[in-house]
Amino acid sequence: MFREHRRRLLELLRSQEAACIVPSGGLKTRNADCEYRFRPISDFYYLTGFREPDSILVLLPEAAEQKAVLFLRERDAKAESWTGRRLGVERACKELGVDAAHAIGEFWDRLPELLVGHQRIVHRMGNDPDRDRLLTEMVSELQQAHRKSGKLTPTEWLDPEASLHELRLVKDEAEVAEMRRASWISAEAHIAAMQAVEPGRNESEIDALLDYTFRRNGSTGAAYNNIVAGGENACILHYIENDKALVDGELLLIDSGCEWNFYATDVTRTIPVSGRFSPEQKAIYELVLRAQKEAIELVRPGNTFVQIHDCAVEILVLGLIELGLLAGPLEKELQSEDYYRFYMHKTGHWLGLDVHECGSYYHAGTDRKFEPGMVATVEPGLYIAADDSTVEARWRGIGVRIEDDILVTAGGHEILSAAIPKEVDEVEAICQGKPPGMKAGERKAANEAT
């Protein structure tokens with residue numbers, strides 16, 4: 001998979017007469033002498049499958065033989081006894097399929113001559129000011145050194161968006177398989193959370209259960225900080241404190257996705273803490289669910305995120321008018337955007353190695369059209385603030401979001417997260433202790449088959 005990603009990018013780079021420099025990133029301090037668990041920069045992992053820090057990949061389409069050159073840490077017995085095994089320069093070519101490998105300490109000495117013959121450099125500027133400065137100084141010196149030699153040297157910088165990020169936006173079959181696996185683990189975690197929820201438990205317990213289920217299944221962990229928001233906390237879109245007690249009669253919004261080999265899922269379900277929706281909660285939930293289903297039907301080649309969002313907004317606004325939460329009529333509410341206090345975000349985003357995957361939402365001067373292999377979320381919601389005095393008290397503090405991950409296919413779409421229940425009767429049954437529609441053994445077998 002990674003070899004194929006490099007091959008496709010090299011073809012694009014050749015048409016741009018560009019070399020490409022992609023760093024892995026390095027360790028980050030959490031506090032004092034403790035560091036965060038390392039995760040490679042997504043661009044780097046997409047091209048290498050390599051998980052070590054302090055590495056840099058250089059792609060050279062104009063090179064005669066060594067088109068993929070990796071710089072990485074050398075083996076060091078003393079360091080490895082403290083911080084773990086390293087692949088090392090000697091094994092890198094065989095293990096990773098690159099054409100050449102060198103010690104990371106040689107990067108700045110070797111890079112100038114590698115770049116000769118390329119007119120442009122693809123590199124994401126702004127993430128590491130020190131590296132950006134050294135690169136620009138090195139290119140300036142390279143231009144001076146070859147001014148009279150007739151050799152081509154870089155004169156332009158290009159952002160990865162037009163090449164590497166275009167490739168990442170459309171997933172191949174191997175990538176889709178990774179995302180399906182992540183989706184199955186996410187299903188297990190969400191169902192486990194539904195079964196565990198009850199009044200008196202804490203949001204933190206559910207947060208821990210989600211993480212445990214992800215890691216127990218061998219994943220790289222959560223794709224983002226879990227949102228476990230009980231009651232009015234669900235009206236905070238990115239609530240991550242996850243430390244309040246669950247209250248009888250309230251809802252619990254869980255926005256949580258597994259990351260498998262760094263490929264993300266992003267799923268939200270909203271469930272009743274007591275096992276049954278109140279009439280008001282059910283009305284809001286069914287409205288959001290209806291909007292989501294209609295929006296998902298529009299995920300197919302040729303359509304756009306704008307169409308999905310407009311569809312969801314119209315259904316939500318019409319439903320809010322029918323419930324008496326907006327005055328109407330529909331056209332007036334859509335024009336005034338008064339609904340924004342109940343629904344203040346877009347209805348979806350790209351998904352892949354990043355939860356908010358790279359890739360432009362506009363292409364060739366217009367809204368980007370879906371193509372087979374793209375993966376998007378569809379996630380309408382309604383959030384009625386606890387202090388919103390414009391609505392009756394019975395509606396206040398209700399927050400509902402329902403989110404699924406959708407693969408665009410040639411004939412329409414596939415809901416990758418379809419195994420996670422979302423129908424009212426199904427959700428209530430699981431929350432009341434009844435088994436989900438698919439038995440645990442069947443889910444495990446399907447997961448392993450994927």
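The values are calculated or read from the model by the stated rules, or taken from the named source; none is laboratory data. This one's a predicted model, so the numbers in the text were calculated from it and none came from an experiment. We place every Cβ from the backbone using ideal geometry, glycine too, and count neighbours over all the protein chains shown.
One table, with the values for the structure above:
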{"quantity": "Among the candidates Leu330, Leu325, Leu353, residue that is under 25 Å from Cys235 (Cα atoms), surrounded by 15 or more Cβ atoms within 10 Å (Cβ to Cβ) and of a type outside the set (Gly, Ala, Ser)", "calculated": "Leu325"}
{"quantity": "Matching entry among Ala222, Ala182, Ala196 (being over 21 Å from the mean Cα position of the chain (by Cα), assigned by TED's automatic domain parsing to the domain that holds Lys282, at pLDDT 95 or above and not aromatic (Phe, Trp, Tyr))", "calculated": "Ala196"}
{"quantity": "Flag if Ile284 is farther than 28 Å from Met179 by Cα, touching a residue at least 40 places away in the same chain (Cβ under 8 Å), of a type in the set (A, V, I, L, M, F, W, C) and part of a helix (DSSP H, G or I)", "calculated": "yes"}
{"quantity": "Verdict on Ala208 being of a type outside the set (Lys, Arg) and buried (at least 21 other Cβ atoms within 10 Å of the Cβ)", "calculated": "no"}
{"quantity": "Neighbours by Cβ (under 9 Å, 6+ apart or cross-chain): first from the stretch 147-160, in the same structural domain as Asp132 (by TED's automatic domain parsing) and more than 15 Å from Leu60 (Cα to Cα); second part of a loop (DSSP other than H, G, I, E, B) and small (Gly, Ala, Ser)", "calculated": "Lys151/Gly117"}
{"quantity": "Subset tally (residues that are basic (Lys, Arg) and exposed (fewer than 11 other Cβ atoms within 10 Å of the Cβ)) for the stretch 81-100", "calculated": "2"}
{"quantity": "Filter result for Ile308 (in the same structural domain as Val375 (by TED's automatic domain parsing), part of a strand (DSSP E or B) and surrounded by 20 or more Cβ atoms within 10 Å (Cβ to Cβ))", "calculated": "no"}
{"quantity": "Hey, Tyr383 over 17 Å from Gly275 (Cα atoms), in the same structural domain as Ser256 (by TED's automatic domain parsing) and in contact with a Cys (Cβ under 7 Å, 6 or more places away or on another chain) or not", "calculated": "yes"}
{"quantity": "Residues (part of a loop (DSSP other than H, G, I, E, B) and exposed (fewer than 14 other Cβ atoms within 10 Å of the Cβ)) located in the stretch 126-155", "calculated": "Gly126, Asn127, Arg147, Lys148, Ser149, Gly150, Lys151, Thr155"}
{"quantity": "Test: residue in the stretch 330-338 that is farther than 26 Å from Glu423 by Cα and touching a residue at least 60 places away in the same chain (Cβ under 8 Å)", "calculated": "no"}
{"quantity": "Residue pairs meeting the criteria (Cβ under 8 Å; at least 6 apart or on separate chains; first without any contact (Cβ under 8 Å) to a residue 40 or more places away in the chain, in the stretch 239-251; second among the acidic types (Asp, Glu) and crowded, with 16+ Cβ neighbours inside 10 Å)", "calculated": "Glu241/Glu203; Asn242/Glu203; Asn242/Asp207"}
{"quantity": "Residue check, Ser55 modelled with pLDDT of 95 or more, within 29 Å of the chain's Cα centre (by Cα) and not assigned by TED's automatic domain parsing to the domain that holds His356", "calculated": "yes"}
{"quantity": "All strands (runs of 3 or more DSSP E) inside the stretch 320-413 with 2 or more residues being more than 27 Å from Leu252 (Cβ to Cβ)", "calculated": "404-409"}
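Yes/no per residue for (1) touching a helix residue (DSSP H, G or I) at 6+ places or on another chain (Cβ under 6 Å); (2) within 30 Å of Glu259 (Cβ to Cβ):
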{"site": "Cys93", "(1), (2)": "no, yes"}
{"site": "Glu113", "(1), (2)": "no, no"}
{"site": "His118", "(1), (2)": "no, no"}
{"site": "Asn127", "(1), (2)": "no, yes"}
{"site": "Asp130", "(1), (2)": "no, yes"}
{"site": "Pro154", "(1), (2)": "yes, no"}
{"site": "Ala174", "(1), (2)": "no, yes"}
